[in-house]
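A short write-up of the structure that comes next.
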Amino acid sequence: SQYLWDEDGPTAVVDTEVYAFAPKELELVVLESDNGAPFAAAFRRGYECMFPLPDLAAVREPYRCLIALLEVNGEMSLAEALSAPVWF
């Protein structure tokens, strides 16, 4: 419900929930762990047209723990959350 699609797949993300309550870095870590390489590459290109991508190194691990605890991406073990690929 948060993705806009066309014939070829997702074209945009529409998300207001996290931005209203948390820093942009949390949303970026969610997007990084919830989507694959093609999505991440396209998202990164679009994001960097407007803003520099923040450095997520300091917050990635604690935010991934929070994401796993809240089951933001569905039921996921802590090990799975922490070992997700780094795209941003």
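Observations, loosely collected:
- Take the Cβ atoms of ASP8 and ALA58, set R0 to 30 Å, and the FRET efficiency comes out at 0.25.
- Degrees between helix 24-34 axis and first principal axis of the chain (Cα, 0 to 90, nearest 10): 90
- Point-charge dipole on Cβ atoms (K/R +1, D/E -1) for segment 48-88, about Cα centre, debye to 20: 60
- Long-range HN-HN contacts of TYR3 with modeled amide H, under 5 Å: VAL14
- Using alpha-carbon coordinates, inclination of helix 57-70 to the longest axis of the chain, degrees: 80
- Given their separation in residues at 0.36 nm each and the Cα-Cα distance between them, GLU71 and SER83 gain 2.8 nm when the chain is fully extended.
- Helix 37-50 and the longest principal axis of the C-alpha atoms of the chain enclose an angle of approximately 70°.
Readers should treat all values here as calculations from the given coordinates under stated rules, not as data from a laboratory. Please read these numbers as outputs of a predicted model, since none were measured by experiment. Note that we place each Cβ from the backbone using ideal geometry, even for glycine, and neighbour counts take in every protein chain shown.
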